[in-house]
Amino acid sequence: MCGIVGYVGQKQAAPILLHGLGKLEYRGYDSAGLAVREGEEITVVKAKGRLAELSNKTADGQAVPGNCGIGHTRWATHGEPSEINAHPHVSDGNFVVGVHNGIIENYQELREKLLNHGYKFYSQTDTEVAVKLVDYYYKKYLGTPIDAINHAQVRIRGSYALALMFKDYPNEIYAARKDSPMIIGTTEDGSFLGSDVPAILNYTRNVYYVGDMEVARLTASDVTFFNLDGDQIEKEQKVIEWDAESAEKGGFEHFMMKEIHEQPKAVQDTLSAYLKDGHADLSAAELDTEILKNIERMYIVACGSAYHVGMVGKYVIESMADIPVEVDLASEFRYRDPKLVKNSIVIIISQSGETADSLAALRLAKKKGIPTLAIVNVVGSSIARDADHVMYTYAGPEISVATTKAYSAQLIAVDLIALAAAAAKEVISDEREAELVKALQALPEQIEKVIENKERLQWFTSKFANEKDAFFIGRGIDYAIGLEGSLKMKEISYIHSEAYAAGELKHGTISLIEEGTLVIGIMTQDALFEKTRSNMVEVKSRGAYLMALTENGHYSIEDTADFVVYIPKTEPYFAPSLAVIPLQLMGYYLSLARGLDVDKPRNLAKSVTVE
Ligand code: G6P
């Protein structure tokens, strides 16, 4: 939610800031702004709407000279999207200028305090409060920017990543964070700051991760870090392995389509990281046979698509490894005082590793003394850093708001956990283990084949561009796949869709079926095929138009369904990795046919760092 950038160095700042914001637009895109300083002068430019508006207003940055600046792309939390609420915010006389990502929970209380000290507020944002609070402490104690920021940090409750410039300190940027992401990159001729890797990848791969409640001072030649006491601290520099190209569209019209095509690689890379000598090996996550053997229960906690992976994980892990699994939405888990049994593990799944509710769930589990495992895509993210065990997915940078390749890599991670646990507990034979490994290894090529058939789906999907509703039905793992298919459809095409456990239809939802309503039956599980077919017949007799998604060989379904999509045969456990592909493509093509912004659907953001 919201992207922030900063640059100080030998080059002109504004074009670099705009470039970085372009890479972060997936984090929010209702308004944008930048502040650049040249000598004493600080120029602030803001624009409502997409980043292109800000680029136009600043002649692609050329109209705002200077070598030091900060920028922001916004996803509104406090205050509507408008120019006045857009960042940067400034204190009077541009003494302190700042951009912020996150939510300051006690901003009303702090606002009151500052009003009592004569401060005026022009926007409805919590950010203006943060900037003026820093200004207040700076003037009150007549100390350094570090002191002022630290005083403010002690008073602020909530989450923030702040980038600030002080009028008295030319060519310096100050940054602080708590529970919102921020990285700092260095080169020989300048220092960079961004909410996420793609913002700075074009310039450097040498980065520092700012810790919670630490402060960084960036100058053209170096970066210095301080703790809450104001003492200088040493930090280790890390190298980002992602290459800049993987964060570009590479000839595709949209990131989403590019990322759909990257799924065979994401799956392959994740498999390669954890399959060793024909066994699932989680030693990279510090999970050995002894630990796995003693796990008696797993809790999977996540948000959005990652939660849907958890739903699949429940079916796979329970059945393959014989371990009971509970799945929770992170936003529910954190507030329901979950009763976690001993000898269990809490698994947090998150692409970004920054989702506020998932991070809070992780911390709750740790507080309760339960070991935690994070399945995370972004290296060095907050969830990765806080978890006891980390299993990285190797999807590379994902830019499109609607996740595809990260979801697919997460599916592989839960499959591997199931396999490793099943082997550790000796609930599967060596032969069975070998079969399952073989099936996993076949997935990248099989995914490739499913993607090859995309034109047929485009043709079918375009007929439903004006549809009002769609329903996804399935049982067991197929229901979990339906949840993801439905989310993909609604989030980017804005067509109302719902996923139902097929057996539940008759308890209410069936009354919504009218002549021509699109119902997508997911039928990858042999054992449940006939059951779901019966439910499809029930909706067909009430007028539904039926699409079936099933495995090669189930040709008899053509007697029931109006349109059938076949996927290659695999082990039932792994069918989600293949079945989700046509559903992602359907969402994509519907969005395209409706002329919508595929990569940046309205009201959404990729990284949800607020509750
Ligand atoms: C947002 C994204 C989803 C994602 C969810 C959880 O809603 O649009 O694609 O599944 O957040 O994000 P995470 O980074 O924790 O996986």
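Summary of values
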quantity	calculated
Rounded, prolate or oblate (a/c below 1.5 giving rounded, otherwise prolate when a/b exceeds b/c) for the stretch 260-385 by Cα gyration tensor	oblate
Debye, to nearest 20: dipole size of the chain, +1 on Lys, Arg Cβ, -1 on Asp, Glu Cβ	1340
Simple Cβ-charge dipole of the stretch 383-522, Lys/Arg +1 and Asp/Glu -1, about Cα centre, in debye nearest 20	280
For the stretch 413-486, size of Cβ-based charge dipole, Lys and Arg +1, Asp and Glu -1, in debye	340
Kirkwood hydrodynamic radius (C-alpha pairs) into Stokes-Einstein, the stretch 364-408, 10 °C and 1.306 mPa s, D in µm²/s	137
Relative contact order of the stretch 47-146, defined on C-alpha pairs under 8 angstrom at six or more residues apart (%)	25
Residue order for ARG475, ARG27 - accessible surface, 1.4 angstrom probe, largest first	ARG475, ARG27
Degrees separating the helix 529-540 axis from the principal Cα axis of the chain, which is the longest one	80
Restricting the stretch 174-276 to GluC sites (Glu not before Pro) in coil, as DSSP defines it, with at most 12 other Cβ within 10 Å	GLU188, GLU234, GLU236, GLU241, GLU253
Nearest-ten-degree value, helix 430-452 long axis tilted from longest Cα axis of the chain	70
Mean Cα-pair separation over length for the chain, i.e. relative contact order, pairs under 8 Å, 6 or more apart, %	12
Along principal axes, Cα extents of the stretch 66-109, largest first, whole Å	32, 22, 17
Cα centroid separation, the stretch 174-197 to the stretch 469-532 (Å)	43
Among GLY71, VAL97, ALA175 the positive-end extreme of the charge dipole of the chain (Cβ point charges)	VAL97
Paired Rg and Dmax values of the stretch 468-611, which use every Cα atom, in angstrom	15.1, 48
Rounded accessible area of ARG533 (nearest 10 Å², 1.4 Å probe)	40
Residue among PRO397, HIS87, ASN377 farthest towards the positive dipole end of the chain, charges placed on Cβ	HIS87
Per-residue SASA entry for GLU530, accessible area with 1.4 Å probe, Å² rounded to 10	100
Compactness of the stretch 357-512 - radius of gyration and Dmax, Cα, Å	19.1, 53
Amide proton proximity set for MET391, modelled H, under 5 Å, gap of 5+	ALA374, ILE375, VAL376
Nearest 10 degrees, 0 to 90: helix 405-424 Cα axis against the chain principal axis	60
Size descriptor, Kirkwood hydrodynamic radius, that averages inverse alpha-carbon separations across the chain, Å	25.3
In sequence order, calculated HN-Hα J values of the stretch 384-389 (Karplus, 6.51, -1.76, 1.60; Hz; x Gly/Pro)	4, 6, 8, 6, 6, 10
Heavy-atom accessible area per residue - the chain, 1.4 Å, Å²	37
Helical mean residue ellipticity (222 nm; -39500 (n - 2.57) per DSSP H run of 4+; nearest 500) of the chain	-11000 deg cm²/dmol
Whole-Å distance, taken between Cα centres, linking the stretch 416-452 and the stretch 200-220	40
Dipole of the chain, positive end: most advanced residue of LEU528, TYR209, ILE477 [Cβ charges, Cα centre]	TYR209
Separation between Cα centres of the stretch 230-299 and the stretch 1-70, rounded to whole Å	32
Accessible area of VAL197 in the full protein assembly, 1.4 Å probe (Å², nearest 10)	10
The stretch 529-592: C-alpha gyration tensor shape, a/c 1.5 cut-off, then a/b vs b/c	oblate
Cα gyration tensor shape of the stretch 8-136, rounded if a/c is under 1.5, else prolate or oblate by comparing a/b with b/c	oblate
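The values are calculated or read from the model by the stated rules, or taken from the named source; none is laboratory data. Keep in mind it's a predicted model, so treat the numbers as computed, not measured. Ideal geometry is used to build each Cβ from the backbone, glycine not excepted, and the neighbour counts take in all protein chains shown. Surface accessibility is based on the protein's heavy atoms, side chains included, excluding ligands, DNA and RNA. Shrake-Rupley method; radii C 1.70, N 1.55, O 1.52, S 1.80 Å.
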